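Please treat every number below as a calculation from the coordinates, not as lab data. Given the structure is predicted, the values throughout are model-derived calculations rather than measurements. Cβ atoms come from the backbone with ideal geometry, glycine included; neighbour counts cover every protein chain shown.
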Amino acid sequence: MSVQSMLKVQRLTKSYPTAAGALTVLNEVSFDLAAGESLAILGPSGSGKTTLLGLCAGLDRPSGGEVMVAGEAIGAMSEDERARVRNEHVGFVFQNFQLVPTLTALENVLVPLELRGAGGAAAEAKAVELLTRVGLGARTDHYPVQLSGGEQQRVALARAFINEPKILFCDEPTGNLDGATAHTVQELIFGLNHEKGTTLVMVTHDLELAKLCAQVLRLRNGEVVEGDF
Ligand code: ADP
């Protein structure tokens, strides 16, 4: 059986203009991740991990090189085209949750479906089911401020899962959580990987979480210093 490439990164480079000239924060990073794989991106603070994740998820545009998500080259795409690819294929979980404060838990989970014009009763039932699955069936009408950090992260996970993404990007998904809550979130993320074959890419300092990933990429000063690629 041929293995489908889900995320292919080729000589990816990102530079920012500064007063002292261009600052290169990612330099020719390459790797290829097959569908259903899991990858941990490690490295010291400032090594380019978040920048790499954002480029792979189509949140930002590279200065050079290419990113292929589910077979689509997104590097040179317009913002609208990248938004389409994100809506079709990508889920994203941030360290600081990034829920919309004026929406309830249920409404937050529905946001990605509404972006695709897929609201309605069936969507709502699916969102309630997901919130129940992450242990928040009794919190659907709560606003983020009424939820603990762990509960907010579980709402963020339900929101990332609702489109059944082919690939889930997580930036320090357990970074702001206590040990027990981090464990619950970890189980939810890897449950998706095992049950649905969702490809996982995560930036983490949590070595327990990184050990659960099949592959590791280590960055230093924007370059890959270790990886099985
Ligand atoms: P990490 O996630 O490994 O801590 P980042 O990807 O956040 O690293 O940042 C890598 C480098 O890029 C850092 O030196 C950071 O200061 C720089 N950087 C990130 N975003 C910008 C930006 N918008 N403009 C200029 N420099 C940036």
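Side notes on the structure shown:
- Size of charge dipole - region 136-187 - debye, nearest 20, with Cβ of Lys, Arg +1 and Asp, Glu -1, no other charges: 140 debye
- Axis angle, to the nearest 10 degrees, between helix 149-161 and the longest C-alpha principal axis of the chain: 80 degrees.
- For the chain, the mean residue ellipticity at 222 nm estimated from helices alone is -10500 deg cm²/dmol, where every DSSP H run of n ≥ 4 contributes -39500 (n - 2.57) and the total is divided by all residues, rounded to the nearest 500.
- Each peptide in 78-86, 211-219 receives the mean, over its residues, of other Cβ atoms within 10 Å, and ordering these scores from highest gives 211-219, 78-86.
- Within the chain, DSSP assigns beta bridges of which about 55% are antiparallel (rounded to the nearest 5).
- Axis of helix 105-115 versus longest Cα principal axis of the chain: the two differ by about 60°, to the nearest ten degrees.
- HN-Hα J in Hz across region 5-22 - Karplus 6.51, -1.76, 1.60, θ = phi - 60°, x for Gly and Pro: 6, 9, 9, 10, 10, 10, 6, 6, 10, 9, 10, 10, x, 9, 4, 8, x, 6
- Region 203-226 residues near the modelled S30 label - backbone nitrogen below 16 Å, point 7 Å along Cα→Cβ: 223-226
- Rounded to 10°, Cα long-axis angle of helix 121-133 versus longest principal axis of the chain: 80 degrees
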